[in-house]
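Peer 1: Sharing a structure with you now.
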Amino acid sequence: MTTTTTNATMSGAEIVDLCKKHTIFEWSAQGAVDPIPVARAKGVYFWTPEGKRYLDFNSQLMCVNIGHGDERVTRAIAEQAAVLPYASPFMATEARAKLGAKLASLAPGDIDVFFFTNGGADANENAIKIARAFTGRHKILARYRSYHGGTAGAMALTGDPRRWSTEPGLPGVVHVLDPHHGMGRPTDTAQQSLAMLEEVIQLEGPNHIAAFFLETVSGTNGVLIPPDGYIQGVRELCTKYGILMVCDEVMAGFGRTGEWFAVNHWGVVPDLICMAKGLTSAYIPMGAVGMRRSIADSFKDKVFPSGLTYNSHTLAAATALATIGVYEEDDLIGNARRMGKVMSDLLGQLAAQHRSIGAARNIGLFGIVELTKDPGTKAPMAPFGGTSEEMKRLNGYFREEGLYTFVRWHTFFTNPPLCITEEQLREGFAIIDRSLTKLEASL
């Protein structure tokens, strides 16, 4: 553990006490909230007001892809703020113009028109509107093991337990199974999953289905990497039935998997692509929906059915441009590929050394470990949709040793910023190794 001085004017305890008193924390029973107070951050680390250093092994919420405190981005924000901090989304600005053109050069295939939003959830909300307006159809398919955001429409798309408390939700959403291949469960082949998907399409009526939403690589539901042939098969089915293929790349996009967009691994062009998080590395909130030219052209003579006050925000657009510049200048997409191979080796070594690991996988710097309380049966260490004393204890060990990552259900994630070095990656895995040793000794 490393400590250093900070310029904080409040102690960590004071910050936590006031935050708990006057604010609500996300997805939590408020009485159980125990947040880490954060005073500053740089690169792959952040510090408490008292100077305790944490290795950020989750890029905060899988979003600070370029790392913390990059002066090229903070300088771009300041420069834009000094010139034009805001303009109505009915206006045209240089930052908006340049960002649209830049994204057109990076997006898959002929996706070259973008609608800028405030984040990932409302990118998915707008993709629903676009799909329904373009096709004239109402139903939307999405997958059970998915998360698409916390707003009403995005939550209806979501398949995991976070959806339950919001139901009944947006009408017309139908959930389907995906080729899940987690711990203790037989792997569905691409062909089996595609056959199930086509059966649902037939049962729901192809002419009533506007779109199929999928996280190209599922994120918080387990870093579920689709088997070869699945993404290509989804593209073929969507084309066959006139259904728009919508790839939610909010988490998987912008280098996380070792490609600009995860869908590039399978050489497929979706009809719509939703993005956020890594678009600005969360320095300023922003999302976007990218669409093929034919879809954009359909709104030339009819009204585009959406818009919010902060859409196409000048500060956000300038931030995104600077962030993309960092990806390119520092070859962070390539680093994600290179460090992803190192991570694969480290995950394999970890699994060989710890009986509590039931499965581990990654694609680029998008990784996860699934824990079991019984290596024979592969029973998960926490129930579906819940936690356990063992997982809480493991999270405590991580925090004690200065590692921050996302611990959810029976899993924890390995999603560091893309600027991480091999030495820093090994530092994180050494902490994980020690923490799992403590956990196993206590079982």
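Peer 1: Going through the DSSP H helices of the chain, which span 15 Å or more along their own axis at the Cα atoms while scoring at least 0.5 as a mean Kyte-Doolittle hydropathy?
Peer 2: Span-like helices here: 314-329.
Peer 1: Add -39500 (n - 2.57) for each DSSP H run of 4 or more in the chain, then divide by its residues: what number comes out at 222 nm, to the nearest 500 deg cm²/dmol?
Peer 2: -12000 deg cm²/dmol
Peer 1: Then there's this: Rounded to whole Hz and in sequence order, give me ³J(HN,Hα) for region 43-52 from the Karplus expression 6.51 cos²θ - 1.76 cosθ + 1.60, θ = phi - 60°, writing x for Gly and Pro.
Peer 2: x, 9, 10, 9, 10, 7, x, 7, x, 5
Peer 1: Here's a follow-up. When only Cα pairs under 8 Å and 6 or more residues apart are kept, what is the percent relative contact order across the chain?
Peer 2: 20
Peer 1: Below 22 Å, Cα to Cα, which lysines can residue 20 reach? Residues fewer than 8 away in the same chain don't count.
Peer 2: List returned: 52, 392.
Peer 1: Moving on to the next point. Quick one: putting +1 on the C-beta of Lys and Arg, -1 on the C-beta of Asp and Glu, what dipole do you get for region 153-264 around its Cα centre, in Debye to the nearest 20?
Peer 2: 140
Peer 1: Using 0.36 nm times the number of residues separating residue 443 and residue 374, minus their current alpha carbon distance, what extension gain do you get?
Peer 2: Result for the pair: 23.8 nm of gain on full extension.
Peer 1: Work out from phi, with θ = phi - 60° and the Karplus expression 6.51 cos²θ - 1.76 cosθ + 1.60, the ³J(HN,Hα) of each residue of region 149-163, listed in order in whole Hz, and give x for Gly and Pro.
Peer 2: x, x, 7, 4, x, 5, 5, 5, 5, 4, x, 7, x, 4, 6
Peer 1: What is the distance in Å between the Cα centroid of region 360-376 and that of region 382-396?
Peer 2: 15
Peer 1: With +1 assigned to the C-beta of every Lys and Arg and -1 to the C-beta of every Asp and Glu, and no other charges, what is the dipole magnitude of the chain about the Cα centre in debye, to the nearest 20?
Peer 2: Using Cβ point charges on Lys, Arg, Asp and Glu, the chain gives about 380 debye.
Peer 1: How far apart, in nm, are two points set 7 Å out from the Cα along the Cα-to-Cβ line at residue 393 and at residue 61?
Peer 2: Calculated label separation equals 3.1 nm.
Peer 1: Tell me the chymotrypsin sites (Phe, Trp or Tyr not before Pro) within region 27-110 that lie in a loop according to DSSP and have at most 11 other beta-carbon atoms within 10 Å.
Peer 2: 27, 90
Peer 1: Pull up the DSSP beta bridges for the chain and report the antiparallel fraction as a percent, rounded to 5.
Peer 2: 65
Peer 1: Among DSSP beta bridges lying fully in region 71-329, give the percent that are antiparallel, nearest 5.
Peer 2: In region 71-329, approximately 40 percent of DSSP beta bridges are antiparallel ones.
Peer 1: Also: I need the phi-derived Karplus couplings for region 251-263: 6.51 cos²θ - 1.76 cosθ + 1.60, θ = phi - 60°, integer Hz, Gly and Pro marked x.
Peer 2: Each residue of region 251-263 in turn: 9, 7, x, 6, x, 4, 9, x, 9, 4, 10, 4, 4 Hz.
Peer 1: Straight-line reach from residue 300: which lysines fall under 27 Å, measuring Cα to Cα and dropping same-chain residues less than 8 apart?
Peer 2: Straight-distance partners of residue 300: 98, 102, 129, 139, 240.
Peer 1: In whole angstrom, how far apart do the alpha carbon centroids of region 151-224 and region 111-126 sit?
Peer 2: Measuring centre to centre over Cα atoms gives 20 Å.
Peer 1: Pop a pseudo-label 7 angstrom from the Cα along the beta-carbon direction at both residue 164 and residue 104 and give the gap in nm to one decimal.
Peer 2: 4.7
Peer 1: A follow-up question, please. For region 205-318, what is the percent of antiparallel DSSP beta bridges, rounded to the nearest 5?
Peer 2: 40
Peer 1: Within 10 Å, at most 11 other Cβ atoms, and a DSSP state outside H, G, I, E, B define an exposed site. Report the longest part of the chain free of exposed trypsin sites (Lys or Arg not before Pro).
Peer 2: For trypsin sites (Lys or Arg not before Pro) (loop position, at most 11 other Cβ atoms within 10 Å), the longest site-free span of the chain is 1-299.
No value in this document is a laboratory result; all are computed from the given coordinates. Computed from a prediction, not measured in an experiment: that's the story for all the values here. Here the Cβ is made from the backbone with ideal geometry for all residues, glycine too, and neighbour counts use every protein chain on show.
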